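> Submitted below is the structure of interest, expressed as structure tokens.
The values are calculated or read from the model by the stated rules, or taken from the named source; none is laboratory data. None of the values given here were measured: they were computed from a predicted structure. Neighbour counts run over all protein chains shown; Cβ positions are idealised from the backbone, glycine included. When the accessible area is computed, the model is the full protein with side chains, heavy atoms only, and any ligands, DNA or RNA have been set aside. Shrake-Rupley method; radii C 1.70, N 1.55, O 1.52, S 1.80 Å.
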Amino acid sequence: MDATAIVCDAQQNLSLTRVRLPAPTAEDIVIRTVYSGVSPGTELALLQNKITWGPYPLCTGYQAVGVIEVVGEKVTAFEPGQRVYYRSNVGMTSDT
């Protein structure tokens, strides 16, 4: 599954980049993002190397509102069509 994300490279350049999401598992929820927040404090600290989220390139933005599109068979608390708020950027890797 493909998506678009704000990606930070090792030189602290930001770009809108196509990313590949892993196939969802039985324990995953796939959410179509409607609105995503980019925290100036957190992303600025990332760009200034005051914090790290792992190896570059990495996806910034970690909070969003969206609509659940797919629910894994082991997930019982959510269903497709629900609007949700979430904080995570786990699972995204850059195609570049």
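> Of everything in the stretch 1-37, what is among the β-branched types (Val, Ile, Thr), over 11 Å from the mean Cα position of the chain (by Cα) and over 23 Å from Glu73 (Cβ atoms)? Give them in sequence order.
The answer is Thr17, Val34.
> Could you grab me the full set of residues in the stretch 38-74 that are closer than 17 Å to Asn13 by Cβ and either touching a Cys at 6+ places or on another chain (Cβ under 6 Å) or in contact (Cβ under 8 Å) with a residue 40 or more places away in the chain (or both)?
Of everything in the stretch 38-74, those that are closer than 17 Å to Asn13 by Cβ and either touching a Cys at 6+ places or on another chain (Cβ under 6 Å) or in contact (Cβ under 8 Å) with a residue 40 or more places away in the chain (or both) turn out to be Tyr56, Pro57, Leu58, Cys59, Thr60, Gly61.
> Just give me the residues in the stretch 40-96 being open to solvent by 50 Å² or more (accessible area, probe 1.4 Å), in contact with a Lys or Arg (Cβ under 6 Å, 6 or more places away or on another chain) and at pLDDT 90 or above, in sequence order.
Across the stretch 40-96, the qualifying residue is only Glu69.
> Scan the stretch 1-37 residue by residue and report those that are of a type in the set (Gly, Ala, Ser), free of Cβ contacts under 8 Å to residues at least 24 places away in the same chain and over 20 Å from Val71 (Cα atoms).
Ser15
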